[in-house]
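Chemist: Dumping the structure here so I can ask a few things about it.
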């Protein structure tokens, strides 16, 4: 388990760096995770993707399919990979504070 430290709060992560308690997520933690993934600054487009992922998780208990993210943000798949070089599942879901999505290796 690779925990993260945000201020005086310890955030438990699984062995792949996904949050074990997504309810502890906040924007500061997202920025910290993003930096760990090589994303220096979260832009408005990053936040659009993150918001859609989090809303879908809160409503349905899972991350949205990539085509849903593309449709709701107006971004092309290539743009999502440019924003999150590790991809929508490994990168965007991790920054959004979700547990490891099913099928994510």
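The values are calculated or read from the model by the stated rules, or taken from the named source; none is laboratory data. Being a predicted model, the structure only gives us computed values, none of them experimental. Every residue, glycine among them, receives a Cβ derived from its backbone with ideal geometry; neighbour counts consider all protein chains shown.
Chemist: Of (1) crowded, with 19+ Cβ neighbours inside 10 Å; (2) in contact with a strand residue (DSSP E or B) (Cβ under 6 Å, 6 or more places away or on another chain), residue 53 satisfies all except one. Which?
Modeler: Evaluating residue 53 over (1) crowded, with 19+ Cβ neighbours inside 10 Å; (2) in contact with a strand residue (DSSP E or B) (Cβ under 6 Å, 6 or more places away or on another chain) leaves (2) as the failure.
Chemist: Going through the stretch 1-32 one residue at a time, which ones are in contact with a helix residue (DSSP H, G or I) (Cβ under 6 Å, 6 or more places away or on another chain) and within 21 Å of residue 73 (Cα to Cα)?
Modeler: Answer for the stretch 1-32, where residues must be in contact with a helix residue (DSSP H, G or I) (Cβ under 6 Å, 6 or more places away or on another chain) and within 21 Å of residue 73 (Cα to Cα): just 30.
Chemist: Turning to a different aspect of this structure: Restricted to the stretch 71-96, and to residues that are in contact with a helix residue (DSSP H, G or I) (Cβ under 8 Å, 6 or more places away or on another chain) and in a loop (DSSP other than H, G, I, E, B), which residue is surrounded by the most Cβ atoms within 10 Å (Cβ to Cβ)?
Modeler: 96
Chemist: Which condition breaks for residue 68 when tested against (1) in contact (Cβ under 8 Å) with a residue 60 or more places away in the chain; (2) surrounded by fewer than 19 Cβ atoms within 10 Å (Cβ to Cβ)?
Modeler: (1)
Chemist: State whether the residues of the stretch 27-40 include one that is over 13 Å from the mean Cα position of the chain (by Cα), exposed (fewer than 11 other Cβ atoms within 10 Å of the Cβ) and not in a loop (DSSP other than H, G, I, E, B).
Modeler: no
Chemist: The conditions are (1) in contact with a helix residue (DSSP H, G or I) (Cβ under 9 Å, 6 or more places away or on another chain); (2) within 21 Å of residue 2 (Cα to Cα); (3) without any contact (Cβ under 8 Å) to a residue 12 or more places away in the chain, and residue 35 fails exactly one of them. Which is it?
Modeler: (1)
Chemist: Taking residue 24, is it modelled with pLDDT under 95 and under 14 Å from the mean Cα position of the chain (by Cα)?
Modeler: Values: modelled with pLDDT under 95: yes; under 14 Å from the mean Cα position of the chain (by Cα): yes.
For residue 24, the condition - modelled with pLDDT under 95 and under 14 Å from the mean Cα position of the chain (by Cα) - is met.
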